[in-house]
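Undergrad: Can you keep this structure in mind? I'll have questions shortly.
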């Protein structure tokens, strides 16, 4: 056998090779040193450069917004809430075959296949395909198993009562920013704060958040509780909608207010819209016209004028006035009444809505006094309700009034007011002479239920003496009695005080008042001697009739008849035969049914998918509350532990199919900390 | 260490130290340092393969440990190969050198048959075997070293000759290179050619001849680059990597970003960001970049030192081998592993253009790992300095087959 060539001791031809191994070793050692130097150069000397390039391609941040607060009515019923729903997105860079993918996705997402192909064919790292789809659609999309197409849960704003108080609540856009109504004006409370998460991104553009994605609780938006009562709101909307339809009117408004606190119990307008589908509504209908539109008050101003005159002591309730048989001349203008009389008392001026009488009362007190009372009633200034877009109306100073102005102002022409101003002025008569600030928001609470801000009710100033209001109230009661203009406002069992109004609209074509286009109104309160509700009704351009006593008064009656028993106010008067015959019983046909809702959200209306339930927040509730809430929602319940709910599954705000289950874990306060330790 | 202990008991116990003047070498225990270094490198490999592949594995197979499990499976196969190499006297490989090379070359040819081979990224390098794939070029590397060791020890005296010692192995090499480049597998060609050159040179070839080889290779490499447009692009990208970081130079750029963000101690095991699909082949050819990113210069230096120790022990085994065949075999195996490691590290640090060579023991890959296990086993067997047992001795000398050397042998017989 041949000897080892590498061994010096081995005398084998041809000479020593040991040196050659050594040479190679030296060579490899040099390469070794070279590599170490190179590694040191790259990793230590040029570290910052590469670190920066590395960070540049994988570091990213994700900005999220904590969930938006809910809007409740005064009884805690949800008017607006946020739930998590899936959105579909694509990473076109990863998707290899745009054509077939688009063909599969198009019909599912209701998108045009052609433009979808184009969007998927790009090299972009991210594109939304469709946001806020139903869970069923998301499931179908995920079942396609397309590379680069995925879903992500996003918060979506729901208005579970649909059109109820739509123009009042307004709406928030896709990105969770309030755009109209309460949603816009109380956005600073409702909006969840933005927070930024550090994330890493892989080469395909997918992001991951190593630090977790749940927003801290204190970043969630605050919950806003309104003074609105959803039940009364619904009554008002139903009555208004029915009458507007019956009268073939253009539109209508209703304000319901508590005269003592100024709480707005309902703010209805028609046509209404569904904030869930605000894009499908006319932008013109988004406006809360009760604050933003003005109108001439017409005859509804007369009780305010007479109250002012009585308050001044210049006129007594039983003063007798010359009726002039329905015609009185002021300057070159003749002012007329519909039914002229020979003479009438001060209160009969209200009862019969006599222009001739009102003119004389106004002339008696003079323009300065009348103007200062109108200002005292709050006309010509915002009410301070706290909503954007509120106008103050137009009321010219007394200095600019001529004789004819004083005359027309006495029956409500020549200046303009908002329905809200009119309601609050009538509330001043109802509550004994105090001007209140209308209140729409009761309080704002944070996510843990602590009150962040409260809005107490406020009396702005005294306008009238209690005595003057009592006397005018008698006149207002006469309006709904025999011989009055507003008999259709009667509510069986209750005494009603109110005033009708029929204001002819200004027709820009003839530069004067139109003969057949009117705004019919009724404003009043009930029960007359212990007022709990002030209701203002205005119907625009009714075509079947014109007088406020015919068009608007029945709406008042309809709302009051339902709302008073609901509020627990007992009937005091006997129901006369006349009342019984005059009031056909009619049930509210559409709108909110308080028994069936409010937790159910009928998603089918939005997305054509089966109903889903928004999981309630049960945390902190006792077992009794949990049982009640879950049985209301017909949820199956699994309970663990005793005490108060410390955790629940699924989490609040998730969507559940009907008849699904919810699991809660309860613990006593002492155990919560210990539980956290484990 | 349990495995080491078990393995140590398989070997004969230590005998007295060899006398420097003794003509007969004394049987000793296998080189435990070399084995320890091998195990350490393999362990680093398992950890790094898992770390580097977890994202890719999760995406492709829905199982982040997919590659880890496979690597562990391959590692057990490599252990068996190592035990076989350790316990079978290496002289048997001398006697089987020719058929082994023939089979390896045949498999290499089979890869080229359409339909048999599994292709990846334009190269057909694998033979599919159910869920596994076998890469013949790994087997070719080892059998080529065995063959060269056999050939050079057999014709030791004539190595300096031009025809017998230079032209013949070169001829075989050209054949081998032709098959390998057909795949194409530039990296393996380079390793086979390089190892041949080193072994010729170590066995005593003339400086002129070796210089000639270097000159030919020096001329061939640019040609090989120029004929393939993709190699030209890669080469240009290597020269100025940051010119086109999204195009051809993407790979090398990502490797540099990965390696460079490591600093002294790295971002921490498992904390690589580049493995988020930025660096392709993170768990195979470019595992060293991920290692640099996660373990920093300290980790990089440790791995380099392990390879240095491996080479040092390997060359020591070659020097102390009892036979010329064993010495050349040990030298060839050590040189091949050392050079391949150096090239891989050079590529990962952008000192060399991209080749497609794995980092021995560390990179993911079954064929490579099993072959390396066998090679280390053989190396350790050489380190035992045993005389060949009788049954190996009784096997016919490979000359009896006389396959490629018929004429040379005949002339030798005539001369005798």
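The values are calculated or read from the model by the stated rules, or taken from the named source; none is laboratory data. This structure is a prediction, so every number in the text was calculated from the model and none was measured. When we count neighbours, we look across all protein chains shown, and the Cβ atoms used for this are built from the backbone with ideal geometry, even at glycine.
Undergrad: Go through A:436, A:441, A:452 for me and flag whichever is farther than 22 Å from residue A:362 by Cα and surrounded by fewer than 22 Cβ atoms within 10 Å (Cβ to Cβ).
TA: Of A:436, A:441, A:452, the one residue that is farther than 22 Å from residue A:362 by Cα and surrounded by fewer than 22 Cβ atoms within 10 Å (Cβ to Cβ) is A:452.
Undergrad: While we're here: Is it the case, given these coordinates, that residue B:294 is farther than 28 Å from residue B:193 by Cβ and at the interface with chain A (Cβ under 9 Å from one of its Cβ atoms)?
TA: No; evaluated as a whole, the condition is false for this residue.
Undergrad: Please indicate, with yes or no, whether at least one residue in the range B:299-312 is part of a helix (DSSP H, G or I), modelled with pLDDT under 90 and either more than 7 Å from chain A (Cβ to nearest Cβ) or on the phi > 0 side of the Ramachandran plot (or both).
TA: Looking for residues that are part of a helix (DSSP H, G or I), modelled with pLDDT under 90 and either more than 7 Å from chain A (Cβ to nearest Cβ) or on the phi > 0 side of the Ramachandran plot (or both), one finds none in the range B:299-312, hence no.
Undergrad: When residues of the range A:253-278 are filtered for being part of a strand (DSSP E or B) and free of Cβ contacts under 8 Å to residues at least 24 places away in the same chain, how many remain?
TA: Total satisfying the criteria: 0.
Undergrad: Just to check your reading of the model, which residue among A:42, A:111, A:105 is within 14 Å of chain B (Cβ to nearest Cβ), out of contact with any strand residue (DSSP E or B) (no Cβ under 6 Å at 6 or more places or on another chain) and either outside any helix (DSSP H, G or I) or over 30 Å from residue A:265 (Cα atoms) (or both)?
TA: A:42
Undergrad: So, one more: Can you tell me which condition residue B:338 does not meet? The list is (1) more than 7 Å from chain A (Cβ to nearest Cβ); (2) farther than 17 Å from residue B:86 by Cβ, and all the others hold.
TA: Every condition holds for residue B:338 apart from (1).
Undergrad: Return the residues of the range B:155-165 that are surrounded by fewer than 21 Cβ atoms within 10 Å (Cβ to Cβ) and assigned to a helix (DSSP H, G or I); say none if nothing qualifies.
TA: B:157, B:158, B:162, B:163, B:164
Undergrad: Also, I was wondering about something else. Being at the interface with chain A (Cβ under 8 Å from one of its Cβ atoms) and either assigned to a helix (DSSP H, G or I) or at pLDDT 90 or above (or both) is the filter here; which residues of the range B:321-330 pass it?
TA: B:324, B:325, B:326, B:327, B:328, listed by residue number.
Undergrad: Any residue in the range B:267-290 that is closer than 25 Å to residue B:188 by Cβ, touching a helix residue (DSSP H, G or I) at 6+ places or on another chain (Cβ under 9 Å) and at the interface with chain A (Cβ under 8 Å from one of its Cβ atoms)?
TA: No, the range B:267-290 has no match at all.
Undergrad: Test of understanding: among A:318, A:285, which residue is surrounded by fewer than 24 Cβ atoms within 10 Å (Cβ to Cβ) and at pLDDT 85 or above?
TA: After applying the criteria, what remains is A:318.
Undergrad: Check every one of the helices (runs of 4 or more DSSP H) wholly within the range A:499-616 and list those with 2 or more residues that are under 32 Å from the mean Cα position of the chain (by Cα), at pLDDT 80 or above and within 19 Å of residue A:238 (Cα to Cα).
TA: A:548-551, A:553-566
Undergrad: In the range A:420-451, what residues are on the phi > 0 side of the Ramachandran plot and either under 23 Å from the mean Cα position of the chain (by Cα) or not in a loop (DSSP other than H, G, I, E, B) (or both)?
TA: A:449
Residue-by-condition table, conditions (1) surrounded by 20 or more Cβ atoms within 10 Å (Cβ to Cβ); (2) part of a loop (DSSP other than H, G, I, E, B); (3) touching a helix residue (DSSP H, G or I) at 6+ places or on another chain (Cβ under 8 Å):
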site	(1), (2), (3)
A:384	no, yes, no
A:388	no, yes, yes
A:396	no, yes, yes
A:406	yes, no, yes
A:468	yes, no, yes
A:476	yes, no, yes
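Undergrad: Given (1) crowded, with 17+ Cβ neighbours inside 10 Å; (2) under 26 Å from the mean Cα position of the chain (by Cα); (3) closer than 21 Å to residue B:67 by Cα, identify the lone condition not met by residue B:278.
TA: (2) is the only condition that residue B:278 fails.
Undergrad: Let me ask something else about it. For the range B:120-142, state whether one or more residues are closer than 22 Å to residue B:323 by Cα, at pLDDT 85 or above, within 19 Å of the chain's Cα centre (by Cα) and within 14 Å of chain A (Cβ to nearest Cβ).
TA: no
Undergrad: Residues that are at pLDDT below 90, within 14 Å of chain B (Cβ to nearest Cβ) and surrounded by 15 or more Cβ atoms within 10 Å (Cβ to Cβ), at least 1 per element: which strands (runs of 3 or more DSSP E) completely within the range A:155-230 meet that?
TA: A:194-201
Undergrad: Tell me which residues, restricted to the range A:324-350, are part of a strand (DSSP E or B) and in contact (Cβ under 8 Å) with a residue 24 or more places away in the chain.
TA: Hits for the range A:324-350 are A:327, A:328, A:330, A:333, A:335, A:344, A:345.
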